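Asks: Once you've had a glance at the structure underneath, I'll fire off some questions.
The values are calculated or read from the model by the stated rules, or taken from the named source; none is laboratory data. All of these numbers come straight from a predicted model, not from anything done at the bench. So basically every Cβ, Gly included, is an ideal-geometry build from the backbone, and we count neighbours across all protein chains shown.
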C-alpha cells in the first residue's frame, strides 16, 4: 500500500523541532518538496501534541497548527506574496524551534501574519472552538470572492442538520447562538477551473492510483467506526487516508479535492477529539463525501487517460464543502456526547433496563430464549429479533458496557506494527512480476528436463545435488507466485459497503458476515473478480433476501444474513456467497425459461440445469425490475467473467432456506492444470477445470442425429461430439469408439471432444500467442510442454462456436454471433 | 503491431536503399538480404507447433527460450514450391515490432553492401510485391534482393477464417 510517505510513528517533539529548523534553513518559497516536508513535520508536531499532551505544551501545538495552515496556503499558491509569506513562516518556525516549549515568539509571529493576510486569524488561541472557527474562516481567498457570507448553508432536509438536531439536547449553548455562529463562519465555496500540466501526468497518475487505495481504506474504516464509534484508533484509521489524499491533492493543485478532504478531515478531527459524537448521520455524511471524492478522482483519472491542456471538467463539490463547513462551524463548541446511562462493564440487558429501552418482562423472555434455544447468540440480537429494541439502543447499551475502557490502548500496538510493515513495502510494476513468474516457470520446466536426463539418474551424487536444486527452484517458484498474491479482504470490505447501501435502498435488513478474508489470490484475479462479486452480492440482497415482513411471516429472523467466504479447496480458490433468503425456485425458473424460449415445453431439466438458466442472457426472475438489479443483464456477464478467469460458478439452493453461489477459480492466472491430449502429431492442452470426464464410448452410445452430427449418450444425456482434429485441420475424422472422448463443459453445456490419446495431466505456464494470432477461435493460449515443444491450450467455448459455424446452422442461436475481426483492407501487393 | 499498409509501404520507399550490413540467405536459386539490425538470431529448425485457422505460409509457433514465437515459411510467403527441410534449413528470428521466425533454405553470410552498390527496386517484378523490396544489391556478379522484412511479415494477417 502506498502509505510510505507518511510518518506515522509519533516522534518526539524536540526531534521534530530539530528537523523543522534544519529544513526551513534550506527551504525557499517555491521549493514545494521542502515546504511539503515542513508541512508534514508541523502536522506531526500537532499530532504529537494531540496524542501526548504532556510532552508538547498546548500553545506549541496550536502554533504548529497555525504554521501548518499557512504552509498549506502557501503550497496551494493562495498566499498573496509567496516570498513574504514564506519569510514569515520561516520566522515562526525558527521562533518555535528556538523557543523550545515557549510558544510566545511563534505566537506573536502568527498574529502578525494574520493581521497582514487579513483572512488568516491567529491560530494561537488554544481553545478548540476557536481553532475550528479558524479553520472554517481561513479558507482560500476564493471563498470570499464566492458566495456572500451568510448564505443559507444548510437546507432543511440535509443530514448535517439532522446531525445538529440530533445532538441538540446535549448542547448547553442556545441553539440560536450556534446557528448564528454557523451562518457567520460558513463561507461560500466556488470551484475554480482546473488545469493540469500534461508534463506531470505521471504524478497525477500516481495520485489517482494511491487515492483509490486510500478511498478503499476510508470505506472499510468507516464501516468499522460505524460498528465501534468510540474506538479512537479506528477514527485515526479514518483520518489518516483523508489527510494523505488532502496532502497529495494539495501538491497537484487539485483544489476541489483538497478542500473537500480538508473539511472532512476537520470534521473527523472533532470526532477524534471527542468534541463531536460519531453518529450514524455523521457516518452517512462522510460516506457521501467519499462518493463525491470517487467521482472527483475518476474525473482526474479520465484526464490521466487522455492528458490535455484544457480545463479538466470537475463534478460539483461546492455544495458538500459548504455543508461540511456548516456542520463543522455549527457544532464546533459542542461538548463530548454524554455517556448513556448504564454501568461500565455491566450486562447488556441491565444497561438496556437502565436506559429504559426495554421492560424487565421482555428482557426476561429474551434471556429465557437465549438459554433455551440459542445459547450462542447474544441477548442484543435476540432482543432485536423480537423487535423489542432498536439496533441503536443496543449500540448505546453496548457503548455503556464498554464504558471507560480505553479501546485504543489495545489497538495501538497492532496499529504501530501495521504502520511499520506498510513502510517496508515496495511498489513493483506488475509487468516485471509477470515476467518473473514466466521465467521461473521456464526454470521449473528446464529443471524437470534435467531431472529426467539419463546422465543424472545414473549418478547418485549428481542426483542428490540436482534434487537439492529442484527444491530451491520450487521455493523460488512459490515465492515468485506469492509476490503477485493479494488478500481478498479489501474486496470483501467493498461488499460490506454495497450490502449496506443496497439493503437500505431495498428496505431490507441484512447482516453481512465474512470469513477467510486473508485468503490470497492473484492480483489479476482479484481485479477481475470484483465486478462479478458485486453482481452476485447485490442479487443476494435484492433477490435472495426477502423483505422483513415476508421473513417474519416465514418464521425467519427479520434481518437476512449474507455470508461471504473465501478459501482453498483442492488446488482451487473457492469464493462462496450464501444467503438465507427465499432460495431459487426450480419450477419457476423452468416456467420462465419456457416463456423466454430457452427451454422447450416438455423438456426435462435437472435442478442444476434449471438453476443454470439464470446465467442465460436476458433472464431475470424478479417480478419487479428494481432500481438496483433485475434487468437480466447481470448473471450472464458474471459467468462469462468467471469463465474468462478459467473458473466456474455452481449454485446450490433450497427453496425457502436460501442459496449458495460458489465460484471456483484457479490459484493463479499464470499456471493451469491441464490435460495433455494428442491429435495427429500435435499435442493440445485442455484445462482440467472444464473437464467433466473422459471416456472411450461403446458403439451403442453413439447416434448420428440429423443436423447435429454425432451425439454421445452418457447415462441418458445426449452430448454432441466434436471432431477436434478435423476442426483444427490436424488429422482426419476419428472413430470415437477407437479414440477417446473428453467431455468438457462450457457455460453449463457439455460437449464431447474426440481426441486420439490422453497423454496425462500436467501443470503448465500459460503464454499468450501474441497480438498476431488474435482472433483464433478455440485457442486461448499456449504453453511449453515438458519436452520444450509448444502446446496450444484449448478454449472450449470457442471450439463449440467454431464447430457450430462449420456445421452451418445447427443451434447457432444459442451463442451470440461470433465477433468479427476488424477486417483490414488488404493491400494489393502480391502480383 | 500489425503495421497498416500505408505505413509499411511508406517506410520502404522513404527509407530507400540504405547501404550497410545485410544478412544474406538463399531461397531456391535466389539470394535475399535482410538488414542485420532486424535480425535477432539464427537457429536450427526446431519442433514447430501448427496453429489452426492461420494463413498457409504460417508454419506455426515455436519455443524460443520460453517465448512463443510465430514462424513464417518464406517460400510459402513468396508462393514458391515447398521443399523438404534439411540440415541447411534455418529459422532467422527477426524483430518486426514483435519477434517472428522466418524459415529459409540456407543462411549465407553477413555482407556489407554500400549504398552505391544498391539499385532501386525494379518497377515490375514477377513474384514479389514491389513494396517489399528495398533495392537490389550487386556484389560482383551476385545479385541480392534486399527485403523489407517488416512489410513481408506484417502486410498480411496471420489468422484466416
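Asks: Just one of the numbered conditions (1) loosely packed, with under 15 Cβ neighbours inside 10 Å; (2) in a helix (DSSP H, G or I) is not true of residue A:513; which one?
Replies: Here residue A:513 meets the rest and fails (2).
Asks: Sticking with this structure for a sec: Provide a single number: the residues in the stretch A:802-811 that are within 12 Å of chain B (Cβ to nearest Cβ) and either closer than 19 Å to residue A:743 by Cβ or part of a loop (DSSP other than H, G, I, E, B) (or both).
Replies: 1
Asks: Any residue that is modelled with pLDDT under 80, farther than 19 Å from residue A:41 by Cα and surrounded by fewer than 21 Cβ atoms within 10 Å (Cβ to Cβ) - is there at least one of those in the stretch A:243-251?
Replies: no
Asks: Moving on to the next point. Condition test on residue A:562, is it part of a loop (DSSP other than H, G, I, E, B), in contact (Cβ under 8 Å) with a residue 12 or more places away in the chain and touching a helix residue (DSSP H, G or I) at 6+ places or on another chain (Cβ under 7 Å)?
Replies: When the stated conditions are applied, residue A:562 does not pass them.
Asks: Another question, then. Just for the stretch B:141-161: of the residues that are away from chain A (no Cβ under 14 Å) and surrounded by fewer than 18 Cβ atoms within 10 Å (Cβ to Cβ), which one is modelled with the lowest pLDDT?
Replies: B:141
Asks: Going through B:92, B:113 one at a time, which residue ends up being within 16 Å of the chain's Cα centre (by Cα), modelled with pLDDT of 85 or more and away from every other protein chain (no Cβ under 14 Å)?
Replies: Answer to the selection: B:92.
Asks: For residues that are farther than 19 Å from residue A:779 by Cα and either under 46 Å from the mean Cα position of the chain (by Cα) or within 14 Å of chain B (Cβ to nearest Cβ) (or both), tally how many sit in the stretch A:714-740.
Replies: Of the residues in that region, 8 qualify.
Asks: Quick one: in the stretch B:116-140, of everything that is within 14 Å of chain A (Cβ to nearest Cβ) and assigned to a helix (DSSP H, G or I), which residue is modelled with the lowest pLDDT?
Replies: Checking each candidate, the answer is B:130.
Asks: For residue A:271, state whether it is out of contact with any strand residue (DSSP E or B) (no Cβ under 9 Å at 6 or more places or on another chain), in a helix (DSSP H, G or I), under 18 Å from residue A:325 (Cβ atoms) and in contact (Cβ under 8 Å) with a residue 24 or more places away in the chain. Quick ask: steps written out before the conclusion?
Replies: Working: out of contact with any strand residue (DSSP E or B) (no Cβ under 9 Å at 6 or more places or on another chain): yes; in a helix (DSSP H, G or I): yes; under 18 Å from residue A:325 (Cβ atoms): yes; in contact (Cβ under 8 Å) with a residue 24 or more places away in the chain: yes.
So residue A:271 passes the test.
Asks: Additional query: How many of the residues in the stretch A:767-786 are in contact (Cβ under 8 Å) with a residue 60 or more places away in the chain and within 8 Å of another protein chain (Cβ to nearest Cβ)?
Replies: Total meeting the criteria: 2.
Asks: Give me a count of the residues in the stretch A:436-452 that are surrounded by 12 or more Cβ atoms within 10 Å (Cβ to Cβ) and farther than 16 Å from residue A:764 by Cβ.
Replies: 3
Asks: List every residue pair whose Cβ atoms sit under 7 Å apart, with the two residues 6 or more apart in sequence or on different chains, where the first one lies in the stretch B:58-70 and is on the phi > 0 side of the Ramachandran plot and more than 7 Å from chain A (Cβ to nearest Cβ) and the second, anywhere, is part of a strand (DSSP E or B) and modelled with pLDDT of 90 or more.
Replies: Qualifying pairs under 7 Å: B:60/B:49; B:60/B:71.
Asks: Given the criterion surrounded by 19 or more Cβ atoms within 10 Å (Cβ to Cβ) and in contact with a helix residue (DSSP H, G or I) (Cβ under 7 Å, 6 or more places away or on another chain), identify the matching residue among A:712, A:684.
Replies: Checking each option against the conditions leaves just A:712.
Asks: Starting from residues that are at positive phi and under 34 Å from the mean Cα position of the chain (by Cα), keep the ones in the stretch A:744-766 and report whichever is nearest to the other protein chains (Cβ to nearest Cβ).
Replies: A:747
Asks: How many residues are assigned to a helix (DSSP H, G or I) and touching a residue at least 24 places away in the same chain (Cβ under 8 Å) if we restrict to the stretch A:472-510?
Replies: The qualifying residues number 24.
Asks: Does residue B:101 satisfy the criteria of being crowded, with 16+ Cβ neighbours inside 10 Å, in contact with a strand residue (DSSP E or B) (Cβ under 9 Å, 6 or more places away or on another chain), part of a strand (DSSP E or B) and on the phi > 0 side of the Ramachandran plot?
Replies: So residue B:101 does not fit the description; no.
Asks: Quick check: is even one residue across the stretch A:428-451 more than 24 Å from residue B:68 (Cα to Cα), more than 13 Å from every other protein chain (Cβ to nearest Cβ) and not in a helix (DSSP H, G or I)?
Replies: The answer is yes; a qualifying residue exists.
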